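Chemist: Shown below is the structure under consideration.
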Amino acid sequence: MARTTFEELCERLDYQPKRRLLSTDEAAEVLGFRRNTLEQHRLRGSGPPFFSPPGTRRVFYVERDLLEWLVAGEKTSTSQTP
C-alpha cells in the first residue's frame, strides 16, 4: 500500500501546514488536544513521535508525524478495537 503524501494528509484533514517543527502547545492545537493530554501520551509512549534535543527540556514534533498518528486511529464503527 502506497504511503499517503504530506499534501494528501493536509488536504484530507483540512490542515494548513506551517512547514516547521512544532512545539508541544502547537502540536496539541493541531491534534485538538490539551497540552496535558499530549504530554500524557508522550509519557506513556502512546503518542506521536517527538524529538528532544540532548541537554534540553524542549520537545518538538514533525507535522507529518502528527497527521499520520491522527489518521492511524481512523475507524468506521464504534465497535472496532484500537
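Chemist: Given just the C-alpha atoms of segment 43-82, how large is their convex hull per residue in cubic angstrom? Please report the intermediate quantities before stating the final value.
Modeler: Numbers: hull volume 3.0 nm³, N = 40.
Normalising the Cα hull of segment 43-82 by residue number yields 74 Å³.
Chemist: From the gyration tensor of the Cα coordinates in segment 6-70, what semi-axes in whole Å does the equivalent ellipsoid have, largest first, with each one equal to sqrt(5λ)?
Modeler: Details: eigenvalues 80, 35, 20 Å².
In descending order the semi-axes read 20, 13, 10 Å.
No value in this document is a laboratory result; all are computed from the given coordinates. Nothing here was measured: the structure is a model prediction, and the numbers come from that model.
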